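**Q** Can you keep this structure in mind? I'll have questions shortly.
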Amino acid sequence: MEFAELFKMATEAATRSYSPYSKFRVGAALLCEDGTVVCAANVENRSYGLAICAERSAMVSAIAQGKKEFRALAISCPDAAYPVSPCGACRQFISEFVGAEFPIRFGGSGGGFVDTTMGELLPHDALHELASRP
């Protein structure tokens, strides 16, 4: 599957966002190792700290379905004219389940997007180094 198709799925997922407070819809499409795609949208709450981002929602859903290996992630923010990267909490969460080379595309409604990797978004991540210690 190409990133263009995955990004289109993320944009469609954003239409299902529950974002009555910020009016900022986000959709994510997570390509699993077995070829399935898990899509999700951000879900807000009036207690803003209880909101969940689309990226984390997609990963949680995939993991709940028994999927633990992932190939790529696309994130769409159709209410932004420019590419909006994952927040710090999402970067930390995603890094728990993928390596530094994991490809990520994010973009807004302006037609531009950024192709990057988990390692570029969260440099100097010691998680995998710590996990491999005896």
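**Q** Using modelled backbone amide H atoms (1.01 Å from N, in-plane), which distant-in-sequence or interchain residues come within less than 5 Å of Phe113's amide H?
**A** HN-HN under 5 Å from Phe113: empty list.
**Q** Within 10 Å, count the other beta carbons around each residue, average over each peptide in 73-79, 16-22, and list them highest first.
**A** Put in order of decreasing packing, that is 73-79, 16-22.
**Q** When Lys and Arg each count +1 and Asp and Glu each count -1, what net charge do the other residues less than 14 Å away from Glu120, Cβ to Cβ, add up to? Let's see the in-between values first.
**A** On the way: positive: Arg91, Arg105; negative: Glu101, Asp115, Asp125.
The answer is -1.
**Q** Spelling out what I want: for every residue of the range 7-18, take phi, set θ = phi - 60°, compute 6.51 cos²θ - 1.76 cosθ + 1.60 (Karplus), and round to whole Hz; glycine and proline get x.
**A** 5, 4, 5, 5, 5, 5, 4, 4, 5, 9, 4, 10
**Q** Run the numbers for Ala89 and Ala51: contour at 0.36 nm per residue of separation, minus the present Cα-Cα distance, in nm.
**A** Roughly 12.5 nm would be gained on extension.
**Q** May I pose another question? Using just the helices of the chain, give the 222 nm mean residue ellipticity in deg cm²/dmol: DSSP H runs with n ≥ 4 each add -39,500 (n - 2.57), and the total is spread over all residues, rounded to 500. Working shown, then result.
**A** Numbers: 5 runs with 40 residues, N = 134.
Computed ellipticity for the chain at 222 nm equals -8000 deg cm²/dmol.
**Q** Kindly work out what percent of the DSSP beta bridges joining two residues of the range 3-131 are antiparallel, to the nearest 5.
**A** Details: 17 of 23 bridges.
The antiparallel proportion sits near 75 percent.
**Q** Testing the spin-label approximation: label points 7 Å from Cα along Cα→Cβ at Asp34 and Glu69. State their distance in nm.
**A** The answer from the label model is 1.1 nm.
**Q** Which GluC sites (Glu not before Pro) in the range 1-94 sit in a loop by DSSP (not H, G, I, E or B) and have at most 11 other Cβ atoms within 10 Å of their own Cβ? Display every interim value, and only then the final one.
**A** Details: sites: Glu2, Glu5, Glu12, Glu33, Glu44, Glu55, Glu69; in loops: Glu2, Glu33, Glu44, Glu69.
Those satisfying the criteria are Glu2, Glu33, Glu69.
**Q** Also, quick follow-up: Taking amide H positions as placed in the peptide plane 1.01 Å from N, state which residues far from Asn42 in sequence (5 or more) or on other chains have amide H under 5 Å from it.
**A** Sorted by chain and number, the residues that satisfy this are Tyr18, Val26, Ala54.
**Q** If you don't mind, there's one more thing I want to ask. Cross-link partners among aspartates and glutamates for Lys68, C-alpha distance below 18 Å, same-chain residues fewer than 8 apart left out?
**A** Once the sequence-local aspartates and glutamates are set aside, what remains near Lys68 is Glu33, Asp34, Glu55, Glu96, Glu101.
Computed from the coordinates by the stated procedures, all read-outs in this text should not be read as laboratory data. Since this is a predicted model, take the numbers as computed values, not measurements. All Cβ positions, glycine included, derive from the backbone under ideal geometry; neighbour counts span all protein chains shown.
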